Amino acid sequence: EPEPEPEPEPEPEPEPEPEPEPEPEPEPERPAPPPLAVDAEVRRLRGALSTAQATIEALEEPQVPPAVLEDIVVPQHVVADFARMGRWLVHEDLGRATMGGMAMLHPDVQGAVVSTRMLTMMPRIDERSLVAGRLGMGAPRGAREDWRLLEVLLASVSMATGGPAAVIHAHGPYTTAMSCEKDLIVLQPIDAIGKKHIGRIIIVEPDAVDEDTFLRQAVEALQQGGMRCVVVRGHGAYAVGADLTQAWSNASMVEHSMRVAMLARQANLKT
């Protein structure tokens with residue numbers, strides 16, 4: 001018998017086509033992260049510094065009115081110069097509270113002197129802290145006890161400058177201490193800046209009995225010291241200049257030089 005034909009193998013079923021992968025959904029936009037705490041602190045500090053700077057500038061340039069002193073008007077900018085210089089004296093340790101003072105020739109009124117009052121608080125000078133008078137006409141009401149000394153020093157400086165003059169009475173502790181040494185007549189800077197810009201400083205003895213002699217000696221001492229400064233023994237330095245800024249600069253350099261000299265003496269340095 002013939003063999004039976006084999007049954008044909010069934011055709012394989014076609015594989016199903018793979019389903020397309022779904023496209024990924026776009027991620028939602030994330031909100032910007034909040035600023036860090038340190039950034040906020042930096043901004044706060046910057047704002048505080050700006051406020052502080054504005055306050056400091058307002059203090060450095062005080063808004064003060066002009067001073068009307070009997071028949072003499074002191075301009076606003078002159079009053080502001082006095083106020084600023086009073087703070088500088090305290091800051092530089094050239095005065096404390098009511099210690100110290102200053103005077104200048106009026107820039108617009110010939111022969112007029114503008115000065116701080118007696119017992120004026122240096123860091124709080126305003127238009128009420130000033131007095132004004134005429135050269136050689138006597139001290140105005142409320143003037144300092146050394147009004148005549150201020151007059152003769154201003155007159156001497158004015159002759160040298162041809163017009164403007166200012167004087168500052170500074171109570172620097174080192175200058176005052178050095179001047180208290182018995183029999184010491186000349187204060188000699190040992191530092192280079194003091195030697196160049198100040199030179200020697202003459203000490204005069206206060207004399208309440210013979211004031212005319214004292215005033216003459218003070219003027220002579222100022223001239224012998226190069227028209228920078230004269231020291232009254234135990235009473236501080238009278239530094240002069242064409243304006244208050246120059247007088248303050250001389251007072252500051254004198255005090256610095258006397259501090260250097262005092263420190264060198266305490267250290268037994270050979271100079």
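Quick notes
- Flag for Val167 being within 13 Å of Val114 (Cα to Cα), among the hydrophobic types (A, V, I, L, M, F, W, C) and touching a Pro at 6+ places or on another chain (Cβ under 6 Å): no
- Criterion (on the phi < 0 side of the Ramachandran plot, small (Gly, Ala, Ser) and either without any contact (Cβ under 8 Å) to a residue 12 or more places away in the chain or touching a helix residue (DSSP H, G or I) at 6+ places or on another chain (Cβ under 6 Å) (or both)) met by exactly one of Gly172, Gly133: Gly172
- Every condition in (1) in a loop (DSSP other than H, G, I, E, B); (2) farther than 21 Å from Gly236 by Cα; (3) without any contact (Cβ under 8 Å) to a residue 60 or more places away in the chain is met by Ala97 except one, and the failing one is (2).
- Met85 being surrounded by 15 or more Cβ atoms within 10 Å (Cβ to Cβ), assigned to a helix (DSSP H, G or I), among the aliphatic types (A, V, I, L, M) and modelled with pLDDT of 75 or more: yes
- The strands (runs of 3 or more DSSP E) falling completely within segment 155-271 that include 1 or more residues that are crowded, with 22+ Cβ neighbours inside 10 Å, in contact with a Cys (Cβ under 8 Å, 6 or more places away or on another chain) and not hydroxyl-bearing (Ser, Thr, Tyr) map to 201-204, 236-241.
- Only one of the numbered conditions (1) farther than 23 Å from Ala83 by Cα; (2) free of Cβ contacts under 8 Å to residues at least 12 places away in the same chain; (3) not β-branched (Val, Ile, Thr) is not met by Ser249, and that is (1).
The values are calculated or read from the model by the stated rules, or taken from the named source; none is laboratory data. Since this is a predicted model, take the numbers as computed values, not measurements. Positions of Cβ are backbone-derived with ideal geometry, glycine not excepted, and every protein chain shown enters the neighbour counts.
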